[in-house]
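What follows is a short report on a single structure.
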Amino acid sequence: MPDPSEFDPTRLTALARSRDRQKAQVRALSERYADLREHRVDIDKRLRLARAELANHHGRHGFEIEQQVKQLQGQYDALTSQMAEVLAEQDATAAEATEAGQLFRACLSFATENGLMIPPALAAEAQPKTFAPLSAQAGG
Amino acid sequence: MLKNLMKSLTASRSATSESLDALDLIREGIAGKVAEIEQLRRAPLPVQDALSRFDLWADGAATRAIDSLSVDRLIDPSFQAAGLRLPVVTLPGQPVPNAQPAAEALLGLIVLACRPQLRKVVEGQLSDLVHGRETFSDKDRAARIAEAGKELRQALALEELACRHLEDAGVSVSRRADAQPELVLMTDAALTKSAG
């Protein structure tokens with residue numbers, strides 16, 4: 001049995017904060033990815049329209065549309081590249097968030113098993129999960 | 001090595017990048033220590049210790065072999081054609097006899113009949129197997145693993161100290177998922193003591 005005076009259970013709060021911060025970062029990256037994707041869908045629509053228009057126009061007007069197609073294609077490629085970067089960052093952050101979650105749970109278990117004082121804000125997480133049997137739910 | 005890392009960490013209190021480098025060094029040290037412990041666990045026994053195990057096994061194998069031959073049949077007047085028989089039995093429900101006990105009995109008899117020769121061959125084989133490798137007796141191995149384990153624990157404590165130092169400086173660091181909860185939850189004072 002370890003000496004309780006050697007431990008500082010409030011460190012659990014810092015670990016939970018770190019876990020939550022990383023989870024929030026994953027969510028933010030996920031939203032950023034969705035925004036980029038939405039933007040790219042919009043650019044893709046405009047690019048298809050411009051290409052269709054280009055097929056029907058020649059001369060000066062055709063040149064202008066051609067420039068527009070090039071510009072849109074550039075935007076499309078840039079967005080694709082950004083999406084790949086965000087996705088890679090999201091994967092890395094998600095892995096870190098998972099590790100932070102695992103470490104937090106391990107520390108919470110250690111604190112609970114050794115009778116350390118759990119910070120009130122984390123008391124609910126320290127409670128063992130109980131599930132009502134299905135029959136109890138069906139019986140209402 | 002750990003003392004040097006600690007000095008490196010202390011000396012770099014004002015420089016975040018150097019502290020991160022120090023943390024990387026500590027983590028390299030931890031990985032090295034874990035590998036060292038694994039290597040110690042797998043290191044072979046000295047030939048003499050292995051031969052002691054052989055002797056122990058050979059004693060048992062020879063005894064079991066003789067016991068399995070039912071020597072008492074030879075003095076039983078009710079057996080007309082008394083003789084020694086290898087233990088080959090067919091168990092109920094099994095289509096073929098179980099030859100394993102008979103094979104073990106034969107091996108035991110070989111040990112009994114020519115143990116010194118077999119021991120010499122085994123000794124030569126073992127000497128070849130451990131040639132150029134560091135060997136450890138059980139006692140030495142336990143002592144070395146305990147020593148390396150102590151150093152590993154110091155390095156792990158140092159890693160946690162480095163993480164806290166960086167966090168205090170406002171730098172976000174990721175702890176390993178398999179970090180020891182006991183160290184992560186320690187007070188700074190107890191952690192410093194654990195780090196040596």
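A short reminder: the numbers here are calculations on the coordinates, not readings from a lab. Just so it is clear, the model here is predicted, and its values are computed rather than measured. Neighbour counts are summed over all protein chains in view; Cβ atoms, including those assigned to glycine, are modelled from backbone coordinates with ideal geometry.
Tabulated data
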read-out: Student exercise, the protein assembly as shown dipole from Lys, Arg, Asp, Glu Cβ charges, in Debye to nearest 20; value: 340
read-out: Theoretical ellipticity at 222 nm over chain B - DSSP helices of four or more residues, -39500 (n - 2.57) apiece, nearest 500; value: -23000 deg cm²/dmol
read-out: Sorted peptide list for B:150-162, A:70-82, criterion being average Cβ within 10 angstrom, highest first; value: B:150-162, A:70-82
read-out: Set of the stretch B:21-43 residues, backbone N closer than 20 Å to the point 7 Å along the Cα-Cβ line of B:Arg133; value: B:34-43
read-out: Tilt relative to chain B, helix B:2-11 - C-alpha long axis, 0 to 90 degrees, to 10; value: 20
read-out: Tail weight of P(r) past 17 Å, computed on alpha-carbon pairs of chain A, percent; value: 73
read-out: Linear extension gain, A:Arg32 paired with A:Thr98, 0.36 nm per residue minus alpha-carbon span; value: 21.8 nm
read-out: Proportion of all alpha-carbon pairs of the stretch B:128-196 beyond 21 Å (%); value: 42
read-out: Cα-based helix-to-principal-axis angle, B:100-130 vs chain B, degrees rounded to 10; value: 40
read-out: Nearest-0.05 FRET efficiency for A:Arg21 and A:Lys129, computed from C-beta distance (R0 22 Å); value: 0.40
read-out: Residue-averaged beta-carbon neighbours from other chains (10 angstrom radius) around A:99-111; value: 4
read-out: Ascending count of other beta-carbon atoms within 10 Å, so fewest first, for A:His61, B:His165, B:His131; value: B:His131, A:His61, B:His165
read-out: Count, lysine Cα pairs under 22 Å in the protein assembly as shown, 8 or more residues apart or across chains; value: 13
read-out: Chain A, relative contact order in percent, only Cα pairs under 8 angstrom and at least six apart counted; value: 42
read-out: Space enclosed by the convex hull of the alpha-carbon atoms of the stretch B:43-196, per residue, Å³; value: 254
read-out: Signed unit charges on C-beta, dipole axis of chain B, positive-most listed residue B:Cys114, B:Ala58, B:Leu156; value: B:Cys114
read-out: Contact order relative to length of chain B, as percent, for alpha carbon pairs under 8 angstrom and 6 or more apart; value: 29
read-out: Size descriptor, Kirkwood hydrodynamic radius, that averages inverse alpha-carbon separations across the protein assembly as shown, Å; value: 28.3
read-out: Between 0 and 90°, nearest 10: helix B:47-68 axis offset from chain B longest Cα axis; value: 30
